[in-house]
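Throughout, read-outs are computed from the coordinates displayed, never taken from laboratory work. All values derive from a computational prediction rather than experimental measurement. Here Cβ is always computed from backbone atoms with ideal geometry, including for glycine, and neighbour counts include all displayed protein chains.
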Amino acid sequence: MAISMDQIKELREATGVSMTLCKKALEESNGDLVKSVEYLRKQGAASNRADRVGASGYPKCGVVQSYIHGNGRMGTIVHIGCETDFVANSPDFQAFVKDVAMHITAANPLYLNPEDVSAELIEKEIEIWKDQLMKEKKPEAVVVKIMEGKEKKFREEISLLTQLFVKDTSKTIGDLLNDMRVKLGENIQICRFTRYGIQ
């Protein structure tokens, strides 16, 4: 049977095995994912990715990086995880972590993902937007559309993964993360970050 690229990617994500071996396992197992994993484990090729996650739920490998700027007036600590020490120690991964720490210091994201933004913060912003739009006397249907757009933009602007990278505004941090996953072949995660600043 024909094996799709999506099937190969899914098996690779589950096992950490090369695309070529994943394709062979799927062909040998008639596209059955469970049987493919069993096949790879019998061959000694597959590891269980659950073994690569610590008790915290974050990957067992990775780097904690700090970045200090502005004569010590602002700085960031970021934890970026990966699956192996080999990748954690690679120059590409190290450079990526430093870039993310620098970006957080410069752009001051409050959340990792847009969906993480608190309802309380959104409600406060909505009240401000409503007051502004009421003064402009726009029709209600138009106001609803404008509010939806404002909320989406606001969520993206204060969330790390959807912020434009300060060193290359043609890409978001999420784009950089996905590029690094493809380049290094591991499930890299920005796990957590804290930014400090003196006003």
Quick one: Lys135 ticks every box in (1) more than 23 Å from Asp92 (Cα to Cα); (2) surrounded by fewer than 16 Cβ atoms within 10 Å (Cβ to Cβ); (3) under 15 Å from the mean Cα position of the chain (by Cα) except a single one, so which number is it? (3)
Arg192 vs. criteria touching a residue at least 24 places away in the same chain (Cβ under 8 Å), part of a strand (DSSP E or B) and within 16 Å of the chain's Cα centre (by Cα): yes
Selection from the stretch 154-176 of residues that are surrounded by fewer than 18 Cβ atoms within 10 Å (Cβ to Cβ), in contact with a helix residue (DSSP H, G or I) (Cβ under 7 Å, 6 or more places away or on another chain) and aliphatic (A, V, I, L, M): Val166
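Residue by residue, here is whether (1) assigned to a helix (DSSP H, G or I); (2) of a type in the set (S, T, N, Q); (3) over 21 Å from Gln94 (Cβ atoms) holds:
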site	(1), (2), (3)
Glu148	yes, no, yes
Glu151	yes, no, yes
Phe154	yes, no, yes
Gly174	yes, no, no
Leu177	yes, no, no
Arg181	yes, no, no
Glu186	no, no, no
Among what's in the stretch 13-31 and is surrounded by 15 or more Cβ atoms within 10 Å (Cβ to Cβ) and either without any contact (Cβ under 8 Å) to a residue 12 or more places away in the chain or touching a strand residue (DSSP E or B) at 6+ places or on another chain (Cβ under 7 Å) (or both), pick the residue that is farthest from Ile188 (Cα to Cα). Ser29
